[in-house]
Amino acid sequence: MNAVPQRGANATPGTRLASLQQWVDEVAALTRPDRVVWCDGSDAEADTLQEAMMADGTLLPLNQDTHPGCVLHRSHPDDVARVEHLTFVCHERREDSGPNNHWMAPAEAHAKIDALFEGCMEGRTLYVVPYCMGPIDSPLARCGVEITDSPYVVANMRLMTRMGAAALARIEREGDEGKPLVRGLHSTGELDPDRRFIMHFPEELVIKSYGSGYGGNALLGKKCHALRIASHQARQEGWLAEHMLIVGIENPQGEVHYVAAAFPSACGKTNLAMLIPPESYREQGWKVWTVGDDICWMHPGEDGRLWAINPEAGFFGVAPGTSEKSNPNALHTIGRDTIFTNVATTDDGQPWWEGLDKRVPAKDWQGRDFDPARGPAAHPNSRFTVSAKQCPTFSAHAEDPQGVPISAIVFGGRRSNLVPLVFEARDWAHGVLVGAAMGSETTAAATGAVGVMRRDPMAMKPFCGYGFADYFAHWLSFDRPGAKLPKVFHVNWFRKDADGRFMWPGFGDNLRVLEWIIGRVSGEAAATESRIGHLPTFEAIRRDGLDIEDGTMRELLRVDEPGWQAEAVEVAAYLDELGVPAESPLRASLGAMA
Ligand code: GTP
Ligand code: SPV
Ligand code: MN
């Protein structure tokens, strides 16, 4: 079968950019699709795609009275999360990928995955998806093109990125100037976990992904481009591509401080980004503005501050645990025009997941009659995909081309013990150490065991496109004359008591901790010294309207001396494993902790 470019109503004929056209032609020759469609991102195109997916069962209808424009996708049961053991970062030299990545020689990796791509699109349509990561007119934004045979991926890319004609126009303009383009090739293949690879070639700005339709494996603009490839580019060009939310905190005086926070997958970024202040704070005039919930690109500005953009246009968020109580903002955001993946449904066809409310679902995430004996009704990593514009608190500055200035960087993990509610690093180098030493209990966002504590520096363990020792050195390099760097903090919402219950209420009440953080930035909030950094004084975190005992609060702010000594030994061994040199400033900062 020949790949005939479609010239129908909803398809552009191709591109005037010869290098791009040539790549698409080469991929079509390898994968042999029935048709090639260049996506323009129009409503008509989206409607046509959706109709076809409804007709073949890729998408299922949801209750349109309660959830207008919402649809359900049930994935293959073996294709529900990122697959870190099948994800490779293939620099020419193994040491450039670092011990934190799986590596294969690029030639071998290309040969292996190209063999899978051969003829894989026979009987299918090849979609060319031009996209822009970041506001379309931002000098900080970067473009890419994803080729995929999955209409579900196209529909998700349309919500998660600026996709279509405007992106292609920018790509062609930049192509004329000789600017590089990130090229991603994706096929769902047979969805066989034994024929699945997510491969990155940072030096070529190429991504190849085969055998999965799941978000982080298949929406190549997201983790593959905006983190793994972009972190490599950022190192070369002097900026940072991070797994961070961006949120604006407005105090009663109307001043807005922007905070960027790195928590590992399924550890609270979306929730913090959409936080609704506790009632007593709302009455005083505190407001919270959402800029991004997953990825942050930060560039040093001429004023010495770090300026951040959210490269994404939508949210691919965790459904379980989202409720009117925990995150009403997210619930309102996903009330319409949302793609739900692997959630359960009620008997009247509404999406449902654990933690939403007390109703009992009718069907589980695989479409079977719900039987609690088989486990949760919604998959623990079930997700929603939705345009950020639907978020009631979406910041008016979220699309500013120059980004927003960052006042504080916050690291955090899921630590049931040891790590206090919040502490502040002494200086930038100590802050980089605090990020490098991050640990967290694993979640359902990646396949494998859940609840196992692992090191996840800066929440980038699965996403850093080069070696961690070089990555930490890059972070340290931002401390230079003229720099006005953000203060660095660490938080832990997930401490548990002896009965296994969370000690801190979390969610909206996390603003109490952010208030202290911002108070530290402006020099107003009180702190005490400890071996791990500055901690709030007992009175410094406001507890009005909060039912939490003094003893619990003391425990949340306690530094367990022997526990931290043991932690320091573990962190030292981890830095050794990563090849962090003895003379690195991280070692001196760690010494102060031990
Ligand atoms: P990714 O999209 O995977 O990168 O995750 P994320 O960091 O955006 O995680 P998200 O905000 O979706 O939270 C994941 C889970 O943690 C959800 O089930 C939340 O309900 C829960 N969670 C979030 N914030 C808190 C908190 O402050 N306390 C507690 N106990 N749970 C929280
Ligand atoms: C994560 O796992 O950190 C996510 C979801 O944000 S995914 O895009 O699938 O990686
Ligand atoms: Mn994430």
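The values are calculated or read from the model by the stated rules, or taken from the named source; none is laboratory data. Computed from a predicted structure; not experimentally measured. Every residue, glycine among them, receives a Cβ derived from its backbone with ideal geometry; neighbour counts consider all protein chains shown.
I'd like to know if the stretch 36-43 contains one or more residues that are at pLDDT 95 or above, under 26 Å from Asp114 (Cα atoms) and part of a loop (DSSP other than H, G, I, E, B). Quick ask: steps written out before the conclusion?
Step one: filter the stretch 36-43 for residues at pLDDT 95 or above, giving 36-43.
If we keep only those that are under 26 Å from Asp114 (Cα atoms) as well, we get 36-39.
After this cut, where a residue has to be part of a loop (DSSP other than H, G, I, E, B) as well, the list is 39.
Yes: the stretch 36-43 contains one or more residues that are at pLDDT 95 or above, under 26 Å from Asp114 (Cα atoms) and part of a loop (DSSP other than H, G, I, E, B).
Can we say Val343 is in the same structural domain as Arg520 (by TED's automatic domain parsing) and not polar (S, T, N, Q)?
no
Being free of Cβ contacts under 8 Å to residues at least 40 places away in the same chain, more than 16 Å from ligand 3 (Cβ to nearest atom), surrounded by fewer than 24 Cβ atoms within 10 Å (Cβ to Cβ) and not in a loop (DSSP other than H, G, I, E, B), is that true of even one residue in the stretch 224-246?
yes
Quick check on Ile198: is it within 15 Å of ligand 3 (Cβ to nearest atom), at pLDDT 95 or above and not acidic (Asp, Glu)?
yes
Restricting attention to the stretch 44-91, which residues are of a type in the set (D, E, K, R) and in a loop (DSSP other than H, G, I, E, B)?
Asp65, Arg74, Asp78, Asp79 - these are the residues of the stretch 44-91 that are of a type in the set (D, E, K, R) and in a loop (DSSP other than H, G, I, E, B).
So the check is Cβ under 8 Å with 6+ separation or different chains; which pairs have a first residue in the stretch 262-290 that's in the same structural domain as Trp475 (by TED's automatic domain parsing) and in a loop (DSSP other than H, G, I, E, B) and a second one that's within 15 Å of ligand 3 (Cβ to nearest atom) and acidic (Asp, Glu)?
What qualifies is Pro264/Asp456; Met274/Asp293.
Condition first: assigned to a loop (DSSP other than H, G, I, E, B) and hydrophobic (A, V, I, L, M, F, W, C). Now tell me which residues in the stretch 410-459 satisfy that.
Correct list: Leu418, Val419, Leu421, Ala425, Ala437, Met438, Ala444, Ala445, Ala449, Val450, Val452.
Taking Ala218 as meeting all but one of (1) more than 16 Å from ligand 3 (Cβ to nearest atom); (2) more than 17 Å from Ala330 (Cα to Cα), write down the number of the exception.
All conditions are met except number (1).
Based on this model, can you work out whether Met298 counts as outside the structural domain of Gly221 (by TED's automatic domain parsing), away from ligand 3 (no atom under 16 Å from the Cβ) and in contact with a strand residue (DSSP E or B) (Cβ under 6 Å, 6 or more places away or on another chain)?
Values: outside the structural domain of Gly221 (by TED's automatic domain parsing): yes; away from ligand 3 (no atom under 16 Å from the Cβ): yes; in contact with a strand residue (DSSP E or B) (Cβ under 6 Å, 6 or more places away or on another chain): yes.
So Met298 passes the test.
For Ala105, indicate whether it is within 16 Å of Gly189 (Cα to Cα), without any contact (Cβ under 8 Å) to a residue 24 or more places away in the chain and surrounded by fewer than 16 Cβ atoms within 10 Å (Cβ to Cβ).
Here the answer is no, as Ala105 does not meet what is asked.
Given the options Gly189, Gly178, name the one that is surrounded by fewer than 23 Cβ atoms within 10 Å (Cβ to Cβ), without any contact (Cβ under 8 Å) to a residue 12 or more places away in the chain and either more than 20 Å from Asn101 (Cα to Cα) or within 16 Å of ligand 3 (Cβ to nearest atom) (or both).
Answer to the check: Gly178.
Could you say which residue among Gly304, Gly314 is more than 23 Å from Ala226 (Cβ to Cβ), in contact (Cβ under 8 Å) with a residue 40 or more places away in the chain and either within 14 Å of ligand 1 (Cβ to nearest atom) or not basic (Lys, Arg) (or both)?
Gly304
Going by what's in this entry, would Ala344 be described as within 14 Å of ligand 1 (Cβ to nearest atom), closer than 26 Å to Gly506 by Cα, crowded, with 24+ Cβ neighbours inside 10 Å and in contact (Cβ under 8 Å) with a residue 24 or more places away in the chain?
No.
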